Amino acid sequence: MNNRHFLSTQDWSRSELDDLLDQARAYRQSKLGDALQGKSIALLFFNPSMRTRTSFELGAHQLGGKAIVLAPGKDAWPIEFEVGSVMDGETEEHIAEVARVLSRYVELIGVRAFPKFQDWSVDREDRVIKAFAKHATVPVINMETITHPCQELAHIMALQQHLGTDLKRRKYVLTWTCHPKPLNTAVANSALQIATRYGMDVTLLCPTEEYLLDPRYMEFARQNVAENGGSLTISHDIESAYRDADVVYAKSWGAIPYFGRWDQEKPIRDAHQHFIVDEAKMALTNKGLFSHCLPLRRNVKATDAVMDSPSCIAIDEAENRLHVQKALMASLARPGVGSGE
């Protein structure tokens, strides 16, 4: 069975990603289609959503399909993911049944499941979505787990709108910012992957080495540089990182060495509130673009002036979620890609 999933952009070739972006641009020009006529997608949300749910549900509708939205543990039975577990607790059914039953109903399955923020050695295995991919007989789409591949495509699409399709050697700064809570590393992992995939000169700016990303994603970035050109630089110096940047992408993420130990990380985080993206930092750039995946806490991650400036393309990026996900659903729903039989 040729069952293609979309769990990470690293699993797709550069030409395949380019094809998705081309189709997304076509959907931006003409939003309606029939690629999902008579078809459906199950969207499972283990965590809250605004942009993801809206863009997937609306996208399916605009392509003639139907989206079934489920929140396991709330409006659907709690699901067990452990192999060999004795299910005498809160969970009512096992992923082995859930994924296969849904595969008989729908042509696609989308999953959004954040880390538990207790043990990174466990969370980095991405067990929830991998279990869906293992047991489902239709394509599974990552709607954000420990990576956010749909956001990656929307981000690159926005950059290409403003800088042209060839992004090679553009200076790209992925900067950590402060936040009052420990956050998932998913968008940072994804930004690092996709910017290096498109040959940009990437600077990862973070307060200390403790905020470097998981070695898996650092290695993906190095592989991407070797294959696509560009470069990868690690920096803890704000001024040199921002200087002459073409793009500044902001995100807060938790320090992996302190994963599950928020009280110990908080003093470090509080000491680096000056990593906020403000007008003075953006003035160092090469008239650089600013973006963020949203939601963004204003005057914590970025100032009002930055968010309201013409250089901010966060809204374009958010809009593009709709277009790239339609392209993705249309691609994966083609005959022969997956089968519920």
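The values are calculated or read from the model by the stated rules, or taken from the named source; none is laboratory data. If you're wondering where the values come from, they're calculated on a predicted model, not measured in any experiment. Don't worry about glycine lacking a Cβ; one is built from the backbone with ideal geometry, like all the others, and counts go over all protein chains shown. Calculation scope for accessible area: heavy atoms of the full protein, side chains included, ligands and nucleic acids excluded. Shrake-Rupley method; radii C 1.70, N 1.55, O 1.52, S 1.80 Å.
When we screen A154, A191, A226, A221 for residues that are of a type outside the set (K, R), open to solvent by 10 Å² or more (accessible area, probe 1.4 Å), modelled with pLDDT of 95 or more and part of a helix (DSSP H, G or I), the only hit is A226. On the stretch given as the range 158-188, residues that are part of a loop (DSSP other than H, G, I, E, B), within 19 Å of V225 (Cβ to Cβ) and not hydrophobic (A, V, I, L, M, F, W, C) total 4. In this structure, is K266 over 24 Å from the mean Cα position of the chain (by Cα), at positive phi and of a type in the set (K, R)? It is false that K266 is over 24 Å from the mean Cα position of the chain (by Cα), at positive phi and of a type in the set (K, R). Within the range 42-55, is there a residue that is touching a strand residue (DSSP E or B) at 6+ places or on another chain (Cβ under 8 Å), farther than 15 Å from E107 by Cβ, modelled with pLDDT of 95 or more and among the charged types (D, E, K, R)? The answer is yes; a qualifying residue exists. In the range 194-214, what count of residues is obtained for those that are open to solvent by 10 Å² or more (accessible area, probe 1.4 Å), assigned to a loop (DSSP other than H, G, I, E, B) and not aliphatic (A, V, I, L, M)? Final tally of qualifying residues: 2.
Scanning the range 1-11 for residues that are assigned to a helix (DSSP H, G or I) and in contact with a helix residue (DSSP H, G or I) (Cβ under 8 Å, 6 or more places away or on another chain), we see that the one that is nearest to V140 (Cα to Cα) is T9.
If the condition is being closer than 27 Å to K181 by Cβ and open to solvent by 70 Å² or more (accessible area, probe 1.4 Å), then the range 235-253 contributes H236, D237.
The criterion of at least 2 residues that are out of contact with any Leu (no Cβ under 9 Å at 6 or more places or on another chain) and surrounded by fewer than 19 Cβ atoms within 10 Å (Cβ to Cβ) is met, among helices (runs of 4 or more DSSP H) falling completely within the range 34-134, by 95-105, 120-123. When both residues are 6+ apart or on different chains and their Cβ atoms are under 6 Å apart, which pairs have a first residue that lies in the range 120-149 and is acidic (D, E), and a second that is surrounded by 19 or more Cβ atoms within 10 Å (Cβ to Cβ) and in a helix (DSSP H, G or I)? These pairs meet every condition: E144/A186. Residue pairs whose Cβ atoms lie under 6 Å apart, separated by 6 or more positions or on different chains, with the first residue in the range 293-304 and under 10 Å from V277 (Cα atoms) and the second part of a loop (DSSP other than H, G, I, E, B) and polar (S, T, N, Q), are K301/T177. Just one of the listed residues (S235, S240, S252) is polar (S, T, N, Q) and more than 23 Å from N184 (Cα to Cα), namely S240.
Residue by residue, here is whether (1) within 24 Å of the chain's Cα centre (by Cα); (2) of a type in the set (D, E) holds:
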residue	(1), (2)
M87	no, no
E90	no, yes
E93	no, yes
R100	no, no
F114	yes, no
F117	yes, no
A133	yes, no
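Scanning the range 12-33 for residues that are under 22 Å from the mean Cα position of the chain (by Cα) and assigned to a loop (DSSP other than H, G, I, E, B) turns up W12, S13.
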